[in-house]
1. What FRET efficiency, computed as 1/(1 + (r/R0)^6) with R0 = 35 Å and r the Cβ-Cβ distance, is obtained for THR480 and ILE387, rounded to the nearest 0.05?
2. Around LYS470, under 13 Å between beta carbons, what's the net of Lys plus Arg minus Asp minus Glu among the other residues?
3. So for the range 37-103, considering every pair of alpha-carbon atoms, how many percent are separated by more than 21 Å?
4. Could you sort LYS32, LYS432 by their accessible area in this structure, using a 1.4 Å probe and putting the largest first?
5. So how exposed is ASP68, as accessible area in Å² (1.4 Å probe, rounded to 10)?
6. Could you sort CYS175, CYS332 by accessible area so the largest value comes first, with the probe set to 1.4 Å?
7. Compute the signed sum of charges (Lys and Arg +1, Asp and Glu -1) over the other residues within less than 13 Å, Cβ to Cβ, of VAL536.
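The values are calculated or read from the model by the stated rules, or taken from the named source; none is laboratory data. Values in this document were obtained by computation on a predicted structure and should not be read as measured data. Because the Cβ atoms are built from the backbone with ideal geometry, glycine has one as well, and the counts that use them run over all protein chains shown. Note: areas computed on protein heavy atoms with side chains; ligands, DNA, RNA excluded. Shrake-Rupley method; radii C 1.70, N 1.55, O 1.52, S 1.80 Å.
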Amino acid sequence: MPKIYVRQTYRDLPQNKHKKKMQDRSIESNPKFRVGQRVHSAGDPRRTGTVKYVGSIQGYSGAWVGVDWDSGDAKHDGSVNGFRYFRARSDRSGSFVRAHNLSPGISLIEALQLRYRGHSTKEEEDDMYVLSASNKRVSIQLVGKDKIQDKLSRFEELTGASLSYMGVSTPGVPCQIGTTVPKLKELDLTGNLLSEWKDLGTICDELPSLAALNLSNNLMLLEICELPQLKSIHILVLNNTGINWMQIEILKDSLPVIEELHLIGNTISTILPTSSFVVRGFDSLRLLNLDDNCIAEWDEILKLSQLRRMLEFLGGNELQKESPMPFENLRCLLLGGNNIEDLASVDSLNTFPKLVDIRLSENPVADPGRGGIPRFVLVARLAKVEILNGSEVIPRERKDSEIRYVRLIMSKLQGNPEEIKLLHPRFAELKKSHGIEDEKPLVGATGPQKMASGLFSITLKCVGPSIGEKPPLTKKLPATTTVGKLKILCESFFKLKSIKPKLFLQEEGSPLPMLLEDEMDSLMDLGIGNESTILVDE
């Protein structure tokens, strides 16, 4: 893989040669920092950035360090008074600081000493409090703190360590890690200053029992070199590290037993297999987390279809249509925060033979507020789903949802079987399995009429704070009762004189009740079935 070099850019002005000489002299006199180095603000390990320039600034004395901050919260884009010293990622992510205001970080061993053998300061202990009923601070005393501290400080017995945002920039002295924490199995290095893959190799090489490693929010270099076989790593978290799929293909050969690979927030847009059209290898992988990337085409996801055991997370991408090709072993598919808006995409999930855990939240198709469908319709259309949007679908909810869905379709598309078959592929199956009969016409004084589907038992609960405490009421209502008529009935049932009620349908498994807005909709139109609960608010 070709090496990548960082090149400084300057305006084509005569002063540039003079500036370049001053910069070179400043770098020699200030060797503590170099271009490309990861640093954090002195005293604040969470404010991390990358050195983009070391040298002098025209009009200002002394040496300066130009930093492109990860947070994007700074002063400029790397130029001052019309002169560009470096190019920052955004208009406000760059700044110039003095060297003494930056830290190059510490070793992993130093971080372990600080985290587990250091003592909390008085300031830290003062920050540990709760507020009393009278809004006064009450200090917290940690019971057994000394025993816990003693246990954690015995490094030879430590099996898990969290060193997040400690400013770790290097593994430290060779062979010291393995002798210090020989039994370490889990290591969290989130938000540190590591960038070279060889450091990852050193850490894993010295910790033969290490099975789970979290490198989230460490900005890793593009070039992967000097990386040994990571024979014990089962879980690797590389969220927000800037990694791309070409690097993943290189990493694949170093991860023979990897089971979980988390790649959230890396702006991955294309899957680039090296040997064929589809990704091969990863024989042990059972979970690939691609949340919050930039994948927009299902053709890219199909390149992963040959992975044998994979559970896939794809939330927060830009997918618009579902794949027509099932993944044989896929059991979990998280698609939250995409742009799926058609029901055909939902129905196509039924072709995945083992798919039981699905997330469709924050998609237009699953958001009633954006013209999408409510939870009960999703449950009815997805034949095998057992967990929907993180909530279990119990048998009672499935039965109620399917019956309600069938009645809804019957009321909306009565007498148009071809349209029903085209738009609602599970309708005939569900209608038959639940023994739901077609409505029979009655002849009355006004001619042929459709029979309402009986009386529904509806429970009404008052939840408005101004309504006061009132016991729930269960009423038998015709299926043709409209939302407007039900509001009038609620005013009478609960003696609401000056309050105009709002009605919400409380659905089992749904985190929020559904507002019943259209006063002309009937219970049948809304698919509301027997033993439903409607909340009465103000």
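1. Numbers: r = 35 Å, r/R0 = 1.01.
After rounding, the FRET efficiency stands at 0.50.
2. On the way: positive: LYS461, LYS495; negative: GLU469, GLU491, ASP537, GLU538.
Net charge around LYS470: -2.
3. On the way: 330 of 2211 pairs.
For the range 37-103, the share of Cα pairs beyond 21 Å comes to 15 percent.
4. If we order LYS32, LYS432 from most to least accessible, we get LYS432, LYS32.
5. 10
6. Numbers: CYS175 95, CYS332 15 Å².
The ordering from most to least exposed comes out as CYS175, CYS332.
7. Working: positive: LYS461, LYS470, LYS475, LYS487, LYS495, LYS500, LYS502; negative: GLU469, GLU491, ASP537, GLU538.
Every neighbour counted, the sum reads +3.
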